[in-house]
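These notes concern the structure reproduced below.
Nothing in this text is a laboratory measurement; each read-out follows from the coordinates by a stated rule. The structure displayed is predicted, hence computed values, not measured ones. Counting neighbours? That spans all protein chains shown, and the Cβs are built from the backbone with ideal geometry, glycine included.
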Amino acid sequence: MRQLVTITALLLVPALLPAAGLANCPALPDRSPRHIELMELVAKAPDEQTARQLSNELWEIWATAPDEVSQEILNRGMQRRAAYDFVGALSDFGKLIEYCPDYAEGYNQRAFINFIRQDYQTSLIDLDKALERTPDHIGAAAGRALTLLQLGRTREGQLALRDALKLNPWLPERFQLTPVPDAAETEL
């Protein structure tokens, strides 16, 4: 019996090594001066084209993972998503979150896959986690608003959409603005 336990333990060690090896995600750097500047510029963008250019630069910042390992996992997940391999993408984003639990983009990307799969409740959980880590993540803020609307939480979704539009008033989601229902109306 003792040999069986030893053999089993020896067989499990290699399976655990990659996970243990991935336990060293570096600390995320502070927001760069350029990130701060971009957030200010996009909030005051004079037109949609300017806002889109600024947002594209923000996406480059958000999609820059803390190290080579996390960048590789993020890139692979995004490639799988683009190829409609949602199961593979979910797996990669799960690995990214496990490796770098403080990196908002892992949660945001996994939320996007779950939104596409119409698993809105799971998507909302990850969007909240992304926004806890990066409160001004425009994509996660807009995604959260859309997710709440899909869940039928209209008042909350409309309020969240207004918050996202404070970050970028030119978001395509702006066309989904409707009057915010009175709290009493939503309780009917």
For this session: With a bin width of 5 angstrom, please list the P(r) values of the stretch 30-186 as percents of all Cα-Cα pairs, from the 0 bin to the one holding the largest distance.
Result: 2, 10, 18, 20, 20, 16, 10, 4, 1, 0, 0
For this session: Report, in whole Å, the centroid distance computed from the Cα atoms of the stretch 120-188 and the stretch 55-107.
Result: 22 Å
Exercise. From a point 7 Å beyond the Cα of ASP102 in the direction of its Cβ, which residues of the stretch 63-83 have a backbone N at a distance under 20 Å?
Worked result: 63-74
Exercise. Going through the stretch 82-184, which chymotrypsin sites (Phe, Trp or Tyr not before Pro) have at most 10 other Cβ atoms within 10 Å and a DSSP loop state?
Worked result: TYR84
Seminar exercise, completed: For ARG52 and ARG162, extending 7 Å from Cα along the Cα-Cβ vector and measuring point to point gives, in nm, a value of 2.8 nm
Seminar exercise, completed: The lysines whose Cα lies under 29 Å from the Cα of LYS44, excluding any fewer than 8 residues away in the same chain, are LYS129, LYS166
